Amino acid sequence: MNNLTAKFKEFKSFIEEKGNKKYMIGAVAATAVVAVLSVFTLNTSYSLEIDGNVVGQVASKSVVTEAMNEAQEAAEAAYGLDVVAVYNTVEVKAVHNIAKDTLTEEEVAAVINEQVDWVAAGATLNVNNGEYKFTVATVEDGQAVLDMLKEGALANQGDATIKSVEFLEDVTLESGNVKIGDVQTPAEIVATVQAGKEAIKTHTVAKGESFWTVAKNHGVTVSELQKLNPDVNPDRLKIGQVLNLTWLEPLINVVVVKEVTVEESIAYATEYKETANLYRGETQVVKKGTNGKKMVTYEVKETSGAVVEKTTLNEIVISEPVSAVVNKGTKAVALSSRSGDGILNWPMSGKITSPYGTRSSGFHSGIDIGGKIGRGVYSAAGGKVVLASWYYAYGNCILIDHGNGMKTRYAHLSAYKVKVGDTVERGQLIGLCGNTGRSTGPHLHFEVIVNGSTKNPINYLK
Ligand SMILES: [Zn+2]
């Protein structure tokens, strides 16, 4: 018998056994007072105290006993549990005073209903030795909570073979007396457990990890991880860098160990073959590459859905990758030229609106190709960008060095797509047609410069 039950029994026996005797003493005392001060009417009544606080007076102890039984029946009906004791201290003390209003049985029952916690035989679910405690009506209800948490962790596991399902925390379930008011249904407890607590977690970046793998291994999306780490550049993770992984952690974590087999691709390699048939910076795909396929079996350990460990158990190659073969040009751009040599690509589509050479306004050092603002301008050959900025009357201007003493210039641009120092390939988008600098309308002014002197671009263009 526990203390609470004992207290209740004590209380009942106090009323049942000692009530009459006290009443007799009270009656004797009252008689004595009446004899001395006959103007007063004195009675014995009883003071009802709950946890030391006086609730009021009752005419007899049986009023409290009856009210107690009534309240107990109401509690048993409301919770569906057999009440075994009261949690509170309920006392009835005899007092001798002038007659005053006493509480009715209904009034006492209402007070007891409001102020007394009933105790019933139930069970307690204890997490990490008291870190969290949940009260259930039965051990079966407690087991139902644990089963629901495990079932939740096993939902959506697909074809995985489950090896084990356990709790990360030390979870115990013990039967014993519990306060009726604390009893929760399994569904209520599961909701509380899953709503969780705020946990500060971090991850220190190790060699070979990317933003993507960190996100995947902790069960968050890349955008969620980015939100948690707004100052981190996902493309420039450093070894030893600490990433924030704060999220709501459940009060009880389910640890699942499973085996999963997934199809993965094997990236193909690219073999480059040098050829003098192509200009420097030009490439030509001879054979496309094909990714291979493999079936990989992993043992995965998850805590509350986040991968905490992943080990490769087995790999079966289904198909080997096939390497790509790409020709890479080595031919230098020629310096001497004949008309239509075709060693330079046209830098922009459009008609020549002003040719190279002498014109009324003076010597024209290039050709003008008519175009609209925003039309793509492309590198005439492979090379290195040596200028990409405003250049006097040329406006926004790009100069590309093709080596061997040859350069090409692109003037009056509206935008740049490359910067100084960039290596460009033949035909690469470098800027957009515009009307900047000394220009009378949108066009591209294009120059070919060989060993420092401009040449007629027509002789070099395809
Ligand atoms: Zn021009």
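Summary table below
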| quantity | calculated |
| --- | --- |
| Set T454, T440, T408, T436: member being within 15 Å of the ligand (Cβ to nearest atom), outside the structural domain of A276 (by TED's automatic domain parsing), of a type in the set (S, T, Y) and within 30 Å of K328 (Cβ to Cβ) | T408 |
| Selection from segment 430-462 of residues that are basic (K, R) and closer than 14 Å to W346 by Cβ | K462 |
| Failed condition for E73, given (1) at pLDDT 85 or above; (2) surrounded by 15 or more Cβ atoms within 10 Å (Cβ to Cβ); (3) within 26 Å of Q184 (Cα to Cα) | (2) |
| Qualifying residue in segment 109-121 (condition: touching a residue at least 60 places away in the same chain (Cβ under 8 Å), closer than 30 Å to Q143 by Cα and of a type in the set (G, A, S)) | yes |
| Where Q226 falls short, out of the listed (1) within 30 Å of D159 (Cα to Cα); (2) under 27 Å from the mean Cα position of the chain (by Cα); (3) not β-branched (V, I, T) | (1) |
| Residue identified as outside the structural domain of S60 (by TED's automatic domain parsing), more than 30 Å from E49 (Cα to Cα) and surrounded by 15 or more Cβ atoms within 10 Å (Cβ to Cβ) among G142, G130, G158 | G142 |
| Residues of segment 365-398 satisfying the condition of being of a type outside the set (S, T, Y), buried (at least 20 other Cβ atoms within 10 Å of the Cβ), within 16 Å of the ligand (Cβ to nearest atom) and touching a residue at least 40 places away in the same chain (Cβ under 8 Å) | G366, I367, D368, I369, G371, V377, A380, N396, C397 |
| Flag if H402 is within 16 Å of the ligand (Cβ to nearest atom) and not assigned by TED's automatic domain parsing to the domain that holds T283 | no |
| Options L278, L245; residue that is more than 41 Å from the chain's Cα centre (by Cα), touching a residue at least 40 places away in the same chain (Cβ under 8 Å) and surrounded by 16 or more Cβ atoms within 10 Å (Cβ to Cβ) | L278 |
| Candidate set: segment 411-433, residues that are surrounded by fewer than 17 Cβ atoms within 10 Å (Cβ to Cβ) and of a type in the set (A, V, I, L, M); chosen: the one nearest to the ligand (Cβ to nearest atom) | A415 |
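The values are calculated or read from the model by the stated rules, or taken from the named source; none is laboratory data. Please read all numbers here as calculations on a predicted model, not as lab measurements. Heads up, the Cβs are rebuilt from the backbone with ideal geometry, glycines too, and the neighbour counts pull from every protein chain shown.
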